[in-house]
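The values are calculated or read from the model by the stated rules, or taken from the named source; none is laboratory data. Because the structure is a prediction, the values reported are computed rather than measured. For neighbour counting, all protein chains shown are included, and Cβ atoms are generated from backbone atoms with ideal geometry for every residue, glycine included. In case anyone asks, the SASA skips ligands and DNA or RNA and just uses the protein heavy atoms, side chains included. Shrake-Rupley method; radii C 1.70, N 1.55, O 1.52, S 1.80 Å.
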Amino acid sequence: MTISYDDFTRVDIRVGTIVDVLPYPEARKPAYKLAVDFGPELGVKRSSAQVTVYYTPETLLGRQVAAVVNFPPKQIGKFMSEVLVLGFPGPAGEVVLIQPSQQVPNGGRLF
């Protein structure tokens, strides 16, 4: 299926910096609770992310990530996830996060 450029622009993908990471032991699959700073326009948003295979809280703090910021919030157990942090599947389906190769301002929109 092909989509139009207008379809693409409706998905708001922004860059942000992870500013807090908490364990999420209640999650069905191993996950962290992330707080991601998307700059002054969007502020800090929360996300649940199943990224425990390749990342520890220490390696996540300060890391820039890409996320869809215009999905409706989603209840994940007792946690309300506000954005979808993006990644690609590794060899066994584990998440490998997307991040810019250079530091960029938080809140920048993917184009």
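Results, tabulated for the structure shown:
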| quantity | calculated |
| --- | --- |
| Cα-based convex hull volume of the chain per residue, rounded to whole Å³ | 129 |
| Carbon plus sulfur fraction of accessible area for the range 1-77, probe 1.4 Å, in percent | 57 |
| For the chain, calculated [θ]222 nm from helices alone, where every DSSP H run of n ≥ 4 adds -39500 (n - 2.57) | -2000 deg cm²/dmol |
| Average accessible surface area per residue within the chain, 1.4 Å rolling probe, Å² | 65 |
| Net charge over other residues, Cβ less than 15 angstrom from the Cβ of Pro100 (K, R count +1; D, E count -1) | +2 |
| Value of relative contact order over the range 26-105, rounded to a whole percent, pairs C-alpha under 8 Å and six or more apart | 27 |
| Most to least packed among 1-9, 84-92, 65-73, 28-36 [average Cβ atoms within 10 Å] | 28-36, 65-73, 84-92, 1-9 |
